[in-house]
Amino acid sequence: MKNTIFLALVLVLSTFSLTSCAASSGSVQSHGKPSLRDQVIESGKIRCGYLAYLPGCIKDPNTGKLSGIGIDVMELIGKKLGLKVEWTEEVGWGTMMEGLRTNRYDIVVTPVWTNANRAKLISFSKPLYYSPVFIFARKGDRRFKNHWEQINDPKIIISTIDGTTGELIARADFPQAKRLSMPETADVSQNLLNVATGKADVTFAEATNAHRFMRNNPEQIENINPTKPIRLFAACWIFGRDEFEFKSMLDTVLDEVINSGAMDKIISKYEKAPHEVYRVALPYQLPK
């Protein structure tokens, strides 16, 4: 009897020892695969998907060279972590999450907006910056300045692109207004052009895209309230669900980049007009 109890105790202790060793050698997820953090560290590289979208990612049409806020920050983080940044695949809005699911790349580096639908499918880093969305009307049209409620009228036409945030804003905030709807393949500048040419009364646009249009088409449109965006979205990197250790690693280094002032310098490099994007607030207060 004593021998039986002794053997059972030895088996329990052995099992505990093996489990402890496995846990100390690296994190294993519930489905048996190493965590994304461990895979990245072991391979020595981060495989990055990207899509060309200002100001997060800019692709030179002649050389293919990538730049932009998301690109520069990832290159800096790669250096800090001692990891090679591999630009694995150019993706689209409709395919970027599928590529994460099928493990074609580890992360999408073009910062994308957080929303409820995406949160059910993927994980987000902490914000690199915030993207304000404003209301734009024809130059000199002051009907809606400080009177957004007047947009919610059957006589008013809002230019939107199917499936975009602008369409969601129109449906949620101004359901009585008419919509000039365009297919999801339309360029965002088409919304602004519709307003400039009188086909629509207003549209919704990020400051970055609107300022680029205004530089090429001066005195055509204007922001009806530059100090009050109708929406504000966190712009984050995305990666697979439940990758908490990978997120913790990235967020820790992002904090270092933001708190050191490096993020502000990178944003300033790509910001063509003041306040095109909003900075992440610093988490401390300087002594008086």
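The values are calculated or read from the model by the stated rules, or taken from the named source; none is laboratory data. Since this is a predicted model, take the numbers as computed values, not measurements. Neighbour counts run over all protein chains shown; Cβ positions are idealised from the backbone, glycine included.
The one condition from (1) surrounded by fewer than 17 Cβ atoms within 10 Å (Cβ to Cβ); (2) of a type outside the set (D, E); (3) touching a Leu at 6+ places or on another chain (Cβ under 7 Å) that R104 does not meet is (3).
Flag: T227 does not match the condition of being outside any helix (DSSP H, G or I) and either in contact with a Ser or Thr (Cβ under 7 Å, 6 or more places away or on another chain) or at pLDDT 95 or above (or both).
Picking from residues in segment 42-66 that are surrounded by fewer than 20 Cβ atoms within 10 Å (Cβ to Cβ) and touching a helix residue (DSSP H, G or I) at 6+ places or on another chain (Cβ under 8 Å), the one that is farthest from D106 (Cα to Cα) is L54. Checking every residue in segment 125-133 against the condition of being over 12 Å from the mean Cα position of the chain (by Cα) and within 18 Å of R171 (Cβ to Cβ) gives at least one match.
Report yes if S159 is touching an Asp or Glu at 6+ places or on another chain (Cβ under 8 Å), under 23 Å from G92 (Cβ atoms) and of a type in the set (G, A, S), otherwise no. No.
Just one residue in the set D162, D201, D141 is buried (at least 18 other Cβ atoms within 10 Å of the Cβ) and either over 25 Å from R279 (Cβ atoms) or polar (S, T, N, Q) (or both); that residue is D201. Of all residues in segment 171-218, those that are in a strand (DSSP E or B) and free of Cβ contacts under 8 Å to residues at least 40 places away in the same chain total 5.
Among the residues of segment 134-160, those identified as more than 27 Å from the chain's Cα centre (by Cα) and either of a type in the set (G, A, S) or assigned to a strand (DSSP E or B) (or both) are R138, G140, I157. For segment 107-127, the set of residues classified as in contact with a helix residue (DSSP H, G or I) (Cβ under 6 Å, 6 or more places away or on another chain) and surrounded by fewer than 18 Cβ atoms within 10 Å (Cβ to Cβ) consists of L121, K126, listed by residue number. For segment 246-288, a residue qualifies if it is exposed (fewer than 14 other Cβ atoms within 10 Å of the Cβ) and more than 17 Å from M74 (Cα to Cα), and the qualifying residues are K272, A273, P274, H275, A281, L282, P283, Y284, Q285, L286, P287, K288.
Restricting segment 72-129 to residues that are touching a residue at least 40 places away in the same chain (Cβ under 8 Å) and among the hydroxyl-bearing types (S, T, Y), the residue that is farthest from S268 (Cα to Cα) is Y105. Of the residues making up segment 237-271, just one is among the polar types (S, T, N, Q) and part of a loop (DSSP other than H, G, I, E, B), namely S260.
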